[in-house]
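Working notes, beginning with the structure itself.
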Amino acid sequence: MLPWKRLARPLAALLLATAALTATAPATSAAPATSLSAATASESSSAASSWGGWNDYDCEPSAAHPRPVVLVHGTFANSVDNWLALAPYLTYRGYCVFSLDYGQLPGVPFFHALGPIEKSAEQLSAYVDRVLAATGAAEADIVGHSQGGMMPRYYLKFLGGAAKVNALVGIAPNNHGTTLAGLTHLLPYFPGAEDLLTAATPALAQQIVGSEFMTKLNAGGDTVPGVRYTVIATRYDQVVTPYRSQFLSGANVHNVVVQDLCALDLSEHALLGLTDRIAFHEVANALDPARATPTTCASVLS
């Protein structure tokens, strides 16, 4: 491969990320990082002023956007760092936006979504109830990245979430388990490795293709009635592989690959949820399909 071809993908990704951050800047505060996992609404509301207006429990949903949006971070992430671009993007457009920390392990700060996914879904259930009570809304919309785009499906399917959620938007969601670019196939060659993974970080083991959790989650169909599903994927995903395993089947499902919308979009798994304005535009379309506009490469500037 010629040297310039090796540089093309990271250069294009850098250009798109730069455009995304530049366009987001007016809605983002330069305050120092703090945790938004406050125990009370008042504490979260106070912290929200440092983060572009999200987690404001005094926010009243508008007629144009009547449902609050709950953001669900991915594995090894938290309620702040996963959403430094998307949360301000949505609040700037008039949404009441909230984010939670979940799946914490004892003695492990900042890096969450590692505990048992069933327990994480229970945390999400309680959090959605809290958001609905604070906003007075009958339903919420959920947007999640990676595990955060998949874990809510457990809540919808087994914990009564379908009655409280209008739409689930998954950005690079691990919906059917991952091979991690084939690395998970090597586990049987290391005796005890899978048991150690299960004991130390349950959510990682549960996300492997063919796991007991994945089998239960997808038994009887990917979706539940009454919820709209959107999956936003990238061909360059190196974490949830193969990337098409992210797609869902069933009624009210829209699966999209960002490269089909903008061939210049070279985001991989992390950048798709962190900075990708092509993906963000599709999120906005999924949250408000009546006002959806075509997503193109120019969407990085919208």
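The values are calculated or read from the model by the stated rules, or taken from the named source; none is laboratory data. Since the structure is predicted, the reported quantities are computational estimates derived from the model, not experimental observations. Counting neighbours? That spans all protein chains shown, and the Cβs are built from the backbone with ideal geometry, glycine included. For the accessible areas, the whole protein counts, side chains as well, though only heavy atoms, and no ligand, DNA or RNA atoms are used. Shrake-Rupley method; radii C 1.70, N 1.55, O 1.52, S 1.80 Å.
Details
- Residue match in segment 247-264 (condition: touching a residue at least 24 places away in the same chain (Cβ under 8 Å) and among the charged types (D, E, K, R)): no
- 3 or more residues open to solvent by 50 Å² or more (accessible area, probe 1.4 Å) and at pLDDT below 95: qualifying helices (runs of 4 or more DSSP H) within segment 171-250: 193-200
Matching residues to (1) of a type in the set (Lys, Arg); (2) touching a residue at least 24 places away in the same chain (Cβ under 8 Å); (3) not in a loop (DSSP other than H, G, I, E, B):
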| residue | (1), (2), (3) |
| --- | --- |
| ALA77 | no, yes, no |
| PHE98 | no, yes, yes |
| HIS112 | no, yes, no |
| ALA121 | no, yes, yes |
| VAL128 | no, yes, yes |
| GLY144 | no, yes, yes |
| MET150 | no, yes, yes |
| ARG153 | yes, yes, yes |
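- Restricting attention to segment 48-58, the residues that are within 13 Å of SER99 (Cβ to Cβ) and at pLDDT 95 or above total 4.
- Within segment 255-266, the set of residues being open to solvent by 40 Å² or more (accessible area, probe 1.4 Å) and in contact with a Leu (Cβ under 9 Å, 6 or more places away or on another chain) comprises ASN255, LEU264.
- Subset tally (residues that are crowded, with 20+ Cβ neighbours inside 10 Å and within 27 Å of SER211 (Cβ to Cβ)) for segment 128-163: 18
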